[in-house]
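Participant: A single structure is presented below for examination.
The values are calculated or read from the model by the stated rules, or taken from the named source; none is laboratory data. Nothing here was measured: the structure is a model prediction, and the numbers come from that model. Here the Cβ is made from the backbone with ideal geometry for all residues, glycine too, and neighbour counts use every protein chain on show. Please note that ligands, DNA and RNA were not included when accessible areas were found on the heavy atoms of the full protein model with its side chains. Shrake-Rupley method; radii C 1.70, N 1.55, O 1.52, S 1.80 Å.
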Amino acid sequence: MEQLLERVTFEDPATHPLRDRWEETKREVQVLFEKACTEEYERRLDYYRTCGESDAEERAKREATLIRPMLTEEREQRLAVVWAEIQRRVAAVLADKAAAEDSGSDESRADSSGR
């Protein structure tokens, strides 16, 4: 569904720069998400190793896994904010394009009527 929505949103070639920005943003946010997940695991692992826990890796993995849904939600919220801005910009690009096409057709009608 998401891919279909994106395909329709960026169907017009005039919106392709915005599509490219959206794709880059999704990649960047995913990298940040993965980094945050890794940092959470490493932070917890360091804590349990410092405490001398024999099952430090297991505990760190378990707790990092519990935090992952929260980080996923943060990722989705970031993307939702960016997507709303992208949609606003797509609408503006398409409106400008339609206005330019309308003014171009008005000029061609005026030229053909002899004005």
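Participant: For region 46-62, what are the residues that are open to solvent by less than 90 Å² (accessible area, probe 1.4 Å) and assigned to a helix (DSSP H, G or I)?
Facilitator: TYR48, ALA56, GLU57, ARG59, ALA60
Participant: Restricting attention to region 19-43, which residues are in contact (Cβ under 8 Å) with a residue 40 or more places away in the chain and open to solvent by less than 80 Å² (accessible area, probe 1.4 Å)?
Facilitator: Listed by number, the residues that qualify are TRP22, THR25, LYS26, VAL29, GLN30, PHE33.
Participant: Is it the case, given these coordinates, that VAL90 is part of a helix (DSSP H, G or I) and surrounded by 12 or more Cβ atoms within 10 Å (Cβ to Cβ)?
Facilitator: Yes.
Participant: Can you find a residue in region 8-18 that is within 17 Å of the chain's Cα centre (by Cα), open to solvent by 40 Å² or more (accessible area, probe 1.4 Å) and modelled with pLDDT of 95 or more?
Facilitator: yes
Participant: Which one is farthest from the chain's Cα centre (by Cα), of the residues in region 63-82 that are open to solvent by less than 50 Å² (accessible area, probe 1.4 Å) and either modelled with pLDDT under 95 or among the β-branched types (Val, Ile, Thr) (or both)?
Facilitator: ILE67
Participant: Failed condition for THR38, given (1) within 30 Å of ALA100 (Cβ to Cβ); (2) of a type outside the set (Lys, Arg); (3) in a helix (DSSP H, G or I), with all others met?
Facilitator: (1)
Participant: In addition: Please enumerate the residues belonging to region 73-88 that are of a type in the set (A, V, I, L, M) and touching a residue at least 60 places away in the same chain (Cβ under 8 Å). Spell out how you get there, then give the answer.
Facilitator: Going residue by residue through region 73-88, those that are of a type in the set (A, V, I, L, M) are 79-82, 84, 86.
VAL82, ILE86 - these are the residues of region 73-88 that are of a type in the set (A, V, I, L, M) and touching a residue at least 60 places away in the same chain (Cβ under 8 Å).
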